[in-house]
1. When you look at residue A:56, is it at pLDDT 95 or above, out of contact with any Lys or Arg (no Cβ under 6 Å at 6 or more places or on another chain) and surrounded by 17 or more Cβ atoms within 10 Å (Cβ to Cβ), yes or no?
2. If I ask for residues that are within 14 Å of chain A (Cβ to nearest Cβ) and either closer than 12 Å to residue B:53 by Cβ or over 17 Å from the mean Cα position of the chain (by Cα) (or both), which ones from segment B:106-135 would you list?
3. I need the full set of residues from segment B:90-99 which are within 11 Å of another protein chain (Cβ to nearest Cβ) and either in a strand (DSSP E or B) or farther than 26 Å from residue B:39 by Cβ (or both), in order please.
4. Hey, residue B:123 hits all of (1) at positive phi; (2) not in a loop (DSSP other than H, G, I, E, B) but one; which does it fall short on?
5. Is at least one residue of segment B:84-92 free of Cβ contacts under 8 Å to residues at least 60 places away in the same chain and touching a Ser or Thr at 6+ places or on another chain (Cβ under 7 Å)?
6. What's the number of the only condition in (1) at pLDDT 95 or above; (2) on the phi < 0 side of the Ramachandran plot that residue A:39 fails to meet?
7. Could you please tell me which pairs satisfy a Cβ distance under 9 Å, a separation of 6+ or placement on different chains, a first residue in segment B:122-135 that is within 18 Å of residue B:13 (Cα to Cα), and a second residue that is hydroxyl-bearing (Ser, Thr, Tyr) and outside any strand (DSSP E or B)?
8. Got a number for residues in segment B:37-89 being within 14 Å of chain A (Cβ to nearest Cβ) and in a loop (DSSP other than H, G, I, E, B)?
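The values are calculated or read from the model by the stated rules, or taken from the named source; none is laboratory data. Keep in mind that this is a model prediction, so the values were computed, not measured. A quick note on method: Cβ atoms are made from the backbone with ideal geometry, for glycine too, and the neighbour counts reach across all protein chains shown.
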Amino acid sequence: MKISTIAELLEAEVLCGEELLENEVHSACGSDMMSDVLAFVKDQAVLLTGLINLQVVRTAEIMDMRCIVFVRGKNPPKEVIEAAEEAGIIVLATTERMYPACGKLYATGLVGGSVSTL
Amino acid sequence: MSEPVRFHFDVAGDNFASAGEASVKVKKLLRQLSMDPETIRRVSIAMYEGEINMVIHANGGTADVILYPDRIQIVLSDTGPGIKDVSLAMQEGYSTAKDNVRSLGFGAGMGLPNMKRYTDRMQIESEVGKGTTVTMEVFLPEAAR
(Lines give C-alpha, C1' and ligand atoms only; values in the text may rest on other atoms or scores of the structure.)
Protein backbone atom coordinates (compact mmCIF):
# COMPACT_ATOMS: atom_id res chain seq x y z
CA MET A 1 0.00 0.00 0.00
CA LYS A 2 1.25 3.45 -0.81
CA ILE A 3 1.66 5.80 2.14
CA SER A 4 -0.48 8.32 0.26
CA THR A 5 -3.31 5.74 0.42
CA ILE A 6 -2.88 5.49 4.19
CA ALA A 7 -3.18 9.27 4.41
CA GLU A 8 -6.36 9.19 2.30
CA LEU A 9 -7.99 6.33 4.22
CA LEU A 10 -7.39 8.03 7.55
CA GLU A 11 -8.05 11.53 6.22
CA ALA A 12 -4.71 12.36 7.73
CA GLU A 13 -2.70 15.50 7.58
CA VAL A 14 0.86 15.09 6.30
CA LEU A 15 3.17 16.75 8.83
CA CYS A 16 6.43 15.85 7.09
CA GLY A 17 7.84 13.64 4.36
CA GLU A 18 5.44 14.75 1.62
CA GLU A 19 8.01 13.79 -1.01
CA LEU A 20 8.06 10.17 0.24
CA LEU A 21 4.28 9.55 0.10
CA GLU A 22 4.45 7.36 -2.99
CA ASN A 23 6.65 4.80 -1.17
CA GLU A 24 5.07 1.37 -0.68
CA VAL A 25 4.70 -0.32 2.71
CA HIS A 26 3.45 -3.83 3.45
CA SER A 27 2.67 -4.03 7.16
CA ALA A 28 1.93 -1.92 10.20
CA CYS A 29 1.52 -2.03 13.95
CA GLY A 30 -0.32 0.03 16.55
CA SER A 31 0.94 0.65 20.09
CA ASP A 32 1.34 3.30 22.76
CA MET A 33 3.98 1.26 24.52
CA MET A 34 7.36 1.70 22.87
CA SER A 35 8.91 -1.22 24.73
CA ASP A 36 6.32 -3.50 23.14
CA VAL A 37 7.19 -2.10 19.73
CA LEU A 38 10.84 -2.88 20.45
CA ALA A 39 9.95 -6.36 21.71
CA PHE A 40 7.55 -7.62 19.10
CA VAL A 41 7.90 -5.66 15.89
CA LYS A 42 9.78 -7.02 12.92
CA ASP A 43 9.73 -5.44 9.48
CA GLN A 44 6.61 -3.37 10.11
CA ALA A 45 7.04 -0.08 8.30
CA VAL A 46 4.19 1.91 9.82
CA LEU A 47 3.64 2.74 13.50
CA LEU A 48 0.26 4.01 14.67
CA THR A 49 0.44 5.59 18.10
CA GLY A 50 -1.16 8.12 20.40
CA LEU A 51 2.16 9.01 22.03
CA ILE A 52 3.73 12.18 20.74
CA ASN A 53 7.19 12.40 22.33
CA LEU A 54 10.65 12.14 20.76
CA GLN A 55 11.01 8.52 21.82
CA VAL A 56 8.37 7.57 19.25
CA VAL A 57 10.61 8.86 16.47
CA ARG A 58 13.67 7.23 18.00
CA THR A 59 11.86 3.90 18.35
CA ALA A 60 10.71 4.13 14.72
CA GLU A 61 14.26 4.93 13.66
CA ILE A 62 15.73 2.01 15.59
CA MET A 63 13.11 -0.31 14.06
CA ASP A 64 13.66 0.98 10.48
CA MET A 65 10.08 2.18 10.20
CA ARG A 66 9.10 4.51 7.38
CA CYS A 67 5.98 6.21 8.64
CA ILE A 68 4.44 7.29 11.96
CA VAL A 69 0.70 7.93 12.21
CA PHE A 70 -0.35 9.96 15.25
CA VAL A 71 -3.94 8.99 16.12
CA ARG A 72 -6.67 10.56 18.27
CA GLY A 73 -6.02 14.06 16.91
CA LYS A 74 -2.75 14.37 18.80
CA ASN A 75 -0.60 17.28 17.80
CA PRO A 76 3.12 16.47 18.15
CA PRO A 77 5.55 19.19 19.22
CA LYS A 78 7.74 20.81 16.59
CA GLU A 79 10.92 19.00 17.66
CA VAL A 80 9.23 15.64 17.12
CA ILE A 81 8.39 16.53 13.53
CA GLU A 82 11.87 17.93 12.95
CA ALA A 83 13.48 14.74 14.29
CA ALA A 84 11.29 12.62 12.00
CA GLU A 85 12.14 14.78 9.03
CA GLU A 86 15.82 14.40 9.75
CA ALA A 87 15.42 10.62 10.02
CA GLY A 88 13.52 10.47 6.73
CA ILE A 89 10.33 9.26 8.41
CA ILE A 90 6.93 10.38 7.13
CA VAL A 91 4.59 11.75 9.80
CA LEU A 92 0.81 11.67 9.45
CA ALA A 93 -1.78 12.90 11.93
CA THR A 94 -5.39 11.73 12.04
CA THR A 95 -8.33 12.42 14.30
CA GLU A 96 -9.27 8.72 14.11
CA ARG A 97 -8.85 6.70 17.29
CA MET A 98 -6.40 3.81 17.35
CA TYR A 99 -8.86 0.95 16.84
CA PRO A 100 -10.76 2.29 13.82
CA ALA A 101 -7.54 3.63 12.28
CA CYS A 102 -5.90 0.18 12.47
CA GLY A 103 -9.14 -1.45 11.32
CA LYS A 104 -9.43 0.70 8.21
CA LEU A 105 -5.85 0.00 7.15
CA TYR A 106 -6.12 -3.73 7.91
CA ALA A 107 -9.39 -4.06 6.01
CA THR A 108 -7.80 -2.41 2.99
CA GLY A 109 -4.91 -4.86 2.93
CA LEU A 110 -2.22 -3.46 5.19
CA VAL A 111 -1.63 -6.47 7.41
CA GLY A 112 0.12 -6.95 10.75
CA GLY A 113 3.10 -8.81 9.34
CA SER A 114 5.57 -10.96 11.19
CA VAL A 115 6.30 -10.90 14.89
CA SER A 116 9.82 -10.88 16.22
CA THR A 117 10.59 -14.38 17.49
CA LEU A 118 13.92 -13.48 19.03
CA MET B 1 46.31 -8.14 16.04
CA SER B 2 44.91 -4.63 15.72
CA GLU B 3 42.92 -3.10 18.56
CA PRO B 4 39.14 -3.58 18.25
CA VAL B 5 37.10 -0.56 17.16
CA ARG B 6 35.51 1.12 20.15
CA PHE B 7 32.86 3.81 20.49
CA HIS B 8 32.26 5.69 23.72
CA PHE B 9 29.21 7.77 24.65
CA ASP B 10 28.17 9.74 27.69
CA VAL B 11 24.46 9.30 28.30
CA ALA B 12 22.93 12.40 29.87
CA GLY B 13 20.56 11.63 32.70
CA ASP B 14 18.64 14.84 32.97
CA ASN B 15 16.80 14.73 29.70
CA PHE B 16 14.46 11.94 28.69
CA ALA B 17 14.11 13.49 25.24
CA SER B 18 17.74 12.79 24.40
CA ALA B 19 17.66 9.17 25.63
CA GLY B 20 18.48 6.87 22.76
CA GLU B 21 20.64 9.27 20.81
CA ALA B 22 23.74 7.13 21.36
CA SER B 23 21.92 4.03 20.11
CA VAL B 24 20.82 5.78 16.94
CA LYS B 25 24.43 6.92 16.39
CA VAL B 26 25.71 3.37 16.90
CA LYS B 27 23.16 2.09 14.45
CA LYS B 28 24.39 4.56 11.82
CA LEU B 29 28.05 3.76 12.50
CA LEU B 30 27.45 0.01 12.20
CA ARG B 31 25.61 0.61 8.96
CA GLN B 32 28.50 2.63 7.60
CA LEU B 33 30.74 -0.32 8.47
CA SER B 34 28.37 -2.56 6.43
CA MET B 35 27.66 -4.85 9.36
CA ASP B 36 25.04 -7.57 9.05
CA PRO B 37 21.55 -5.90 9.26
CA GLU B 38 20.08 -8.37 11.78
CA THR B 39 23.10 -7.84 14.05
CA ILE B 40 22.66 -4.06 13.78
CA ARG B 41 18.99 -4.43 14.67
CA ARG B 42 19.71 -6.53 17.75
CA VAL B 43 22.54 -4.31 18.98
CA SER B 44 20.60 -1.08 18.53
CA ILE B 45 17.39 -2.33 20.19
CA ALA B 46 19.25 -3.77 23.19
CA MET B 47 21.36 -0.65 23.60
CA TYR B 48 18.35 1.64 23.23
CA GLU B 49 16.47 -0.13 26.04
CA GLY B 50 19.63 0.03 28.17
CA GLU B 51 20.05 3.72 27.51
CA ILE B 52 16.42 4.37 28.46
CA ASN B 53 16.99 2.41 31.69
CA MET B 54 20.04 4.51 32.57
CA VAL B 55 18.09 7.71 32.03
CA ILE B 56 14.98 6.53 33.92
CA HIS B 57 16.68 4.94 36.89
CA ALA B 58 20.28 6.10 37.21
CA ASN B 59 20.61 9.70 36.05
CA GLY B 60 22.57 8.63 32.98
CA GLY B 61 25.91 6.91 32.62
CA THR B 62 28.30 5.75 29.93
CA ALA B 63 27.91 3.45 26.96
CA ASP B 64 30.78 1.66 25.24
CA VAL B 65 30.44 -0.40 22.11
CA ILE B 66 33.37 -2.59 21.15
CA LEU B 67 33.60 -4.38 17.82
CA TYR B 68 35.43 -7.70 18.08
CA PRO B 69 35.94 -9.88 15.00
CA ASP B 70 33.30 -12.37 16.17
CA ARG B 71 30.97 -10.26 18.34
CA ILE B 72 29.81 -6.81 19.36
CA GLN B 73 30.02 -5.96 23.03
CA ILE B 74 27.92 -3.22 24.64
CA VAL B 75 28.87 -2.06 28.14
CA LEU B 76 26.45 0.26 29.94
CA SER B 77 27.68 1.66 33.21
CA ASP B 78 26.02 3.92 35.73
CA THR B 79 26.49 5.14 39.28
CA GLY B 80 22.77 5.00 40.04
CA PRO B 81 20.88 3.35 42.89
CA GLY B 82 21.67 -0.22 41.76
CA ILE B 83 19.23 -3.12 41.36
CA LYS B 84 18.08 -4.74 44.61
CA ASP B 85 16.89 -8.00 43.14
CA VAL B 86 18.25 -8.72 39.66
CA SER B 87 16.16 -11.84 39.05
CA LEU B 88 13.00 -9.92 39.92
CA ALA B 89 14.06 -7.07 37.63
CA MET B 90 14.50 -9.59 34.82
CA GLN B 91 10.84 -10.66 34.99
CA GLU B 92 8.66 -9.32 32.20
CA GLY B 93 6.22 -6.81 33.62
CA TYR B 94 8.14 -6.02 36.79
CA SER B 95 8.97 -2.34 36.94
CA THR B 96 9.98 0.27 39.48
CA ALA B 97 9.58 3.11 36.99
CA LYS B 98 7.40 6.03 37.93
CA ASP B 99 4.09 6.80 36.26
CA ASN B 100 5.51 9.73 34.30
CA VAL B 101 7.85 7.28 32.55
CA ARG B 102 4.91 5.04 31.67
CA SER B 103 3.15 7.93 30.04
CA LEU B 104 6.17 8.21 27.74
CA GLY B 105 5.83 4.66 26.44
CA PHE B 106 8.34 2.90 28.69
CA GLY B 107 8.44 1.54 32.22
CA ALA B 108 6.29 -1.53 31.57
CA GLY B 109 8.92 -3.94 32.80
CA MET B 110 10.11 -4.93 29.33
CA GLY B 111 13.51 -3.22 29.22
CA LEU B 112 15.83 -5.81 30.76
CA PRO B 113 13.89 -8.80 29.31
CA ASN B 114 14.12 -7.17 25.86
CA MET B 115 17.84 -6.63 26.28
CA LYS B 116 18.32 -10.28 27.16
CA ARG B 117 16.11 -11.37 24.30
CA TYR B 118 18.02 -9.49 21.63
CA THR B 119 21.52 -10.40 22.79
CA ASP B 120 23.42 -13.69 23.03
CA ARG B 121 24.96 -12.95 26.39
CA MET B 122 24.02 -10.53 29.12
CA GLN B 123 25.63 -9.98 32.49
CA ILE B 124 24.42 -7.60 35.17
CA GLU B 125 26.71 -6.44 37.94
CA SER B 126 24.92 -4.26 40.41
CA GLU B 127 25.45 -2.99 43.90
CA VAL B 128 22.77 -1.10 45.75
CA GLY B 129 23.86 2.48 46.31
CA LYS B 130 26.87 2.13 43.98
CA GLY B 131 25.56 1.52 40.48
CA THR B 132 25.02 -1.01 37.73
CA THR B 133 27.05 -2.30 34.80
CA VAL B 134 25.28 -4.27 32.12
CA THR B 135 27.46 -6.08 29.59
CA MET B 136 25.77 -7.47 26.50
CA GLU B 137 27.20 -9.37 23.55
CA VAL B 138 25.77 -10.09 20.15
CA PHE B 139 27.65 -12.73 18.15
CA LEU B 140 28.15 -12.05 14.47
CA PRO B 141 26.75 -14.68 12.11
CA GLU B 142 29.48 -17.01 10.78
CA ALA B 143 29.25 -15.55 7.29
CA ALA B 144 29.87 -12.02 8.56
CA ARG B 145 33.01 -12.79 10.58
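1. For residue A:56, the condition - at pLDDT 95 or above, out of contact with any Lys or Arg (no Cβ under 6 Å at 6 or more places or on another chain) and surrounded by 17 or more Cβ atoms within 10 Å (Cβ to Cβ) - is met.
2. Within segment B:106-135, B:106, B:107, B:109, B:110, B:111, B:112, B:113, B:114, B:115 qualify.
3. B:93, B:95, B:97
4. (1)
5. The answer is yes, given that some residue of segment B:84-92 is free of Cβ contacts under 8 Å to residues at least 60 places away in the same chain and touching a Ser or Thr at 6+ places or on another chain (Cβ under 7 Å).
6. Failing condition for residue A:39: (1).
7. B:130/B:79; B:131/B:79; B:132/B:79
8. 0
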